Amino acid sequence: MFFDPETWVAVAFVILMIVFGYLGVFQKAMAALDHRADRIKAELDDATRLKQEAAKVLADYKARTASAEREAADIIANAKSEAERIATEAKAKVEDFVARRTKTAESKIALAEAQAVADVRAAAAEAAVQAASTILSQSVKGKVADDLLAKGITEVRQKLN
């Protein structure tokens, strides 16, 4: 038994463990492992905190994006309704303008017709006066003819104009 190498390895191992225990290697190893465990736990806590912050930031950006999309949709809807309103107003203004222009043109046409009728009446009156003057001057002679002619011309002009 004392000559077996496994026995001496076991004895050397036990002695090594006793020396390590006496020198405090186990406490140092345990302290190092505890320190490492604390560091790993702190890193995991930081990672968890960063993950939560990232989730909050992501949720905030998603909310902002949704809000911006709603605003954009509202702006587009308002722009469409404004464009429709402006188009309706423009159409109404054009129709009013056309109606006013038509009315103005019709009144100008009526005025021109009235002026043409008046010109035709005046020309007809002038022709009638000339014809009456010629006929009366050939058929009636003297002062009576001149008075009659002046009175007739005055009456014809008053009635025709």
Query raised in the report: So what are the three principal axis dimensions of segment 1-54 from its Cα atoms, in whole Å, longest to shortest?
Result: 66, 21, 7
Query raised in the report: Fully extended, how many nm does the chain gain between E82 and A112 (0.36 nm per residue separation, minus their Cα-Cα distance)?
Result: 6.4 nm
Query raised in the report: Which residues make up the longest stretch of the chain clear of chymotrypsin sites (Phe, Trp or Tyr not before Pro) that lie in a DSSP loop with no more than 13 other Cβ atoms within 10 Å, not counting the sites?
Result: 4-161
Query - Pairs of Lys in segment 5-160 closer than 24 Å at Cα, counting only those 8 or more apart or on different chains - result: 12
Query raised in the report: To one decimal place, what Kirkwood hydrodynamic radius in Å is obtained for segment 5-160 from all pairs of distinct Cα atoms?
Result: 28.9 Å
Query raised in the report: With axes computed from alpha carbons, what is the tilt in degrees of helix 25-139 against the longest principal axis of the chain, rounded to the nearest 10 within 0 to 90?
Result: 0 degrees
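Just so you know, all these numbers are worked out from the coordinates, no wet-lab data involved. Every value quoted in this text rests on a predicted model; they were computed, and no experiment measured them. Glycine also receives a Cβ, built like all others from the backbone with ideal geometry; neighbour counts cover every protein chain displayed.
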